[in-house]
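**Student:** Structure in structure tokens, see below.
What follows draws every value from the coordinates through simple rules; no lab data is involved. Just so it is clear, the model here is predicted, and its values are computed rather than measured. So basically every Cβ, Gly included, is an ideal-geometry build from the backbone, and we count neighbours across all protein chains shown.
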Amino acid sequence: MPCEEILHNNDKDNNIDNKRDNVLSTLSNKEFIEILYPIFFFKNNCDPIPEIEKFLDYYRGKDWRLSGGKVMSEIEDLIRPAESWQVKEIKETGYRSSFMRGWKEVYKIAPEYLKKEILRTRPSSQNDSSASILCSKKLADWLDSESQTVGIIFRGSANPNYKFDWKRR
């Protein structure tokens, strides 16, 4: 067997092994969306799913390779490129950037059982110095119990006089 043929067969074997060892190649679209939704919500909350699909198409087309050639194989490998992904078609998010900076920080400290509720909120009203959201009773109760911390977060991420409130839907 010529040397080139052996190398070619080894490359095929390595590709098969890489796909078998690549956790990302085993995930369904639903699983990808569940993992990536929070990241893309804070980038483009009015319509994160199409942007997630663009991101996935891009990296699937590159066989999960980063620009340096490293192959992404674990979920953790997916997070950094997702966080640095640039949304090409900026859409009106419904939230001002001053609110989103604070809301992302609130998301980080929220208990796990409330994280999806945070992603389901909708703005009721807002301007440069205040925001009001509509949210579930469960999230509103937690925000009530953490109002002092939430207020500090928003005053730190927006401005010292920023006002934030919530209404139960």
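**Student:** Which shape class applies to segment 97-168: rounded if a/c is under 1.5, otherwise prolate when a/b exceeds b/c and oblate if not, where a ≥ b ≥ c are the square roots of the Cα gyration tensor eigenvalues?
**Tutor:** Since a/c reaches 1.5 and a/b is larger than b/c, the shape of segment 97-168 is classed as prolate.
**Student:** Which FRET efficiency value, to the nearest 0.05, do you get for K88 and K137 by plugging their Cβ-Cβ distance into 1/(1 + (r/R0)^6) with R0 = 35 Å? Let's see the in-between values first.
**Tutor:** Details: r = 37 Å, r/R0 = 1.06.
Between K88 and K137 the formula returns 0.40.
**Student:** Next up: Per-residue HN-Hα couplings for segment 62-77, Karplus 6.51 cos²θ - 1.76 cosθ + 1.60 at θ = phi - 60°, whole Hz, x for Gly and Pro?
**Tutor:** 9, 6, 6, 9, 7, 4, x, x, 5, 8, 6, 10, 10, 4, 4, 5
**Student:** Quick one: Karplus J couplings for segment 106-118, per residue in order, coefficients 6.51, -1.76, 1.60, θ = phi - 60°, nearest Hz, x for Gly and Pro?
**Tutor:** Values, residue by residue: 4, 4, 5, 9, 5, x, 3, 5, 9, 4, 5, 5, 4 Hz.
**Student:** Using the beta-carbon distance between D144 and L119 and R0 = 22 Å, what value does 1/(1 + (r/R0)^6) give for FRET efficiency, to the nearest 0.05?
**Tutor:** About 0.70, to the nearest 0.05.
**Student:** May I pose another question? Can you work out the FRET efficiency for the pair R65 and K108, with r the C-beta to C-beta distance and R0 = 22 Å, to the nearest 0.05? Please report the intermediate quantities before stating the final value.
**Tutor:** Numbers: r = 30 Å, r/R0 = 1.35.
So the FRET efficiency works out to roughly 0.15.
**Student:** Quick one: which residues, 5 or more positions from F164 or on another chain, have an amide H under 5 Å from its amide H? H modelled 1.01 Å from N in the peptide plane, none for Pro or chain starts.
**Tutor:** Excluding prolines and chain starts, which carry no amide H, the hits are A131.
**Student:** Also: Determine the distance separating the Cα centre of segment 30-63 from the Cα centre of segment 101-138; give it in Å without decimals.
**Tutor:** One Cα centre to the other: 20 Å.
**Student:** With each pseudo-label sitting 7 Å past Cα toward Cβ, what's the T26-N127 distance in nm, one decimal?
**Tutor:** 5.4
**Student:** Could you point to the residue in L139, N161, T121 farthest towards the positive end of segment 97-168's charge dipole, with +1 and -1 charges on the Cβ of Lys/Arg and Asp/Glu respectively?
**Tutor:** Going by the Cα projections, it comes out as T121.
**Student:** Just grab the label-to-label distance for K167 and S73, each label 7 Å out from Cα along the Cβ direction, in nm (one decimal).
**Tutor:** 5.3
**Student:** Just order 132-138, 59-65 by mean Cβ neighbour count inside 10 Å, highest at the front, would you? Don't skip to the end; give the middle numbers.
**Tutor:** On the way: 132-138: 16.3, 59-65: 14.1.
The densest-packed peptide leads the list: 132-138, 59-65.
**Student:** Here is a further query. List the residues, sorted by chain then number, that are 5 or more residues from S124 or on another chain and whose placed amide H is less than 5 Å from its amide H.
**Tutor:** Distant-sequence amide H within range of S124: S132, I133, L134.
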